[in-house]
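This report refers to the structure that appears directly beneath it.
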Amino acid sequence: MGQTTISAALKKRILSHLKKTKKADLISCYLYFLQEKFKLSPVLFFRQKKIYQSLENLISILEKENALWREREIQIQYDEQNVNEFTKKIYICPFTGKVFGDNTHPDPQDAIYDWVSKCPENTERVEGLKAKRFYVSEDPDVIKNYIQKEQANVIKTVFSSAITGKLFNSKEAVIEDFKKNHIKSMTLEEVQNQNRFEIEEHFLDFLQNHLKEDKITSFVEALSEDKEFGSYLKKWLG
């Protein structure tokens with residue numbers, strides 16, 4: 001068993017944590033130590049009901065699986081657009097680029113359904129009927145494309161969220177929306193104490209490897225070298 005070493009700075013943070021945490025037990029203190037030492041920032045991904053070691057780790061995995069964003073081509077039709085500088089949400093026909101805004105039509109979602117169901121360019125069929133597929137975006141940068149006055153219709157590459165299908169002007173915007181709406185930050189103690197969610201495989205291996213009796217014992221021995229932890233150790237081991 002290797003001897004656990006704890007820097008003076010980390011010991012100071014652990015002591016501060018203990019003073020602020022009522023009824024802190026040994027395991028919760030050890031989990032705080034692991035979180036600080038290895039700079040862990042666990043996140044829960046709601047859709048998968050799974051916990052990952054960090055947001056960066058989760059995003060990296062989703063990008064490799066092509067499960068975060070996808071490229072889309074949209075047509076932008078500039079004549080008589082139902083969009084203005086106060087529009088917050090748009091519904092877009094993927095076949096013609098026709099768009100309806102949330103503030104320029106009494107019921108834009110019904111309007112886009114009606115439009116695509118009658119659109120001559122819509123040749124997609126579902127059980128013999130025209131597909132009622134359309135795009136949705138709340139990204140201000142996507143909406144701006146429809147406000148600009150151009151001479152001809154254009155095709156533009158945008159990005160859709162693989163989770164919601166909403167369109168964004170850039171991959172960065174998809175990721176920002178993902179951070180804001182689809183994850184929750186957790187402490188390592190919260191991860192250990194929950195039983196509702198799955199833990200990502202490599203993160204679980206990490207926890208199981210470090211939550212062993214010999215490593216916890218080594219942690220206690222490292223703290224015992226500093227008398228300021230004496231009262232806590234006496235309570236935990238008494």
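Any read-out appearing in this document is the output of simple, stated calculations on the displayed coordinates, not a laboratory observation. Keep in mind that what you see is a predicted model, and the values were worked out from it rather than measured. Please note: Cβ atoms are built from the backbone with ideal geometry, for glycine as well, and neighbour counts cover all protein chains shown.
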Of VAL154, PHE219, PRO42, which is farthest along the charge dipole of the chain in the positive direction, counting Lys and Arg as +1 and Asp and Glu as -1 at C-beta? PHE219
May I ask which of LYS39/LYS88; LYS184/LYS215; LYS64/LYS180; LYS11/LYS50 have a Cα-Cα span longer than 27 Å here? LYS39/LYS88; LYS184/LYS215; LYS11/LYS50
Extension gain (nm, one decimal) between LEU15 and ASN153, 0.36 nm per residue minus Cα-Cα: 43.3 nm
If you consider only alpha-carbon coordinates, what radius of gyration and Dmax does the range 177-238 have, in Å? 16.4, 49
Dipole magnitude of the chain about its Cα centre, charges +1 at Lys/Arg Cβ and -1 at Asp/Glu Cβ only, in debye to the nearest 20? 880
Applying 1/(1 + (r/R0)^6) with R0 = 30 Å to the Cβ-Cβ distance of LEU204 and ALA8, what FRET efficiency is obtained, to the nearest 0.05? 0.45
Mind listing the Cα extents of the range 64-181 along all three principal axes, in Å, largest one first? 37, 37, 27
Calculate the spin-label point distance for THR104 paired with GLU190, positioning each point 7 Å from the Cα along the beta-carbon direction, and give it in nanometres. 4.2
For the chain, what's the relative contact order in percent, using C-alpha pairs closer than 8 Å and at least 6 residues apart? 26
Hull-based mean projected area of the chain, where the convex hull spans the alpha carbons, in square nanometres: 18.7
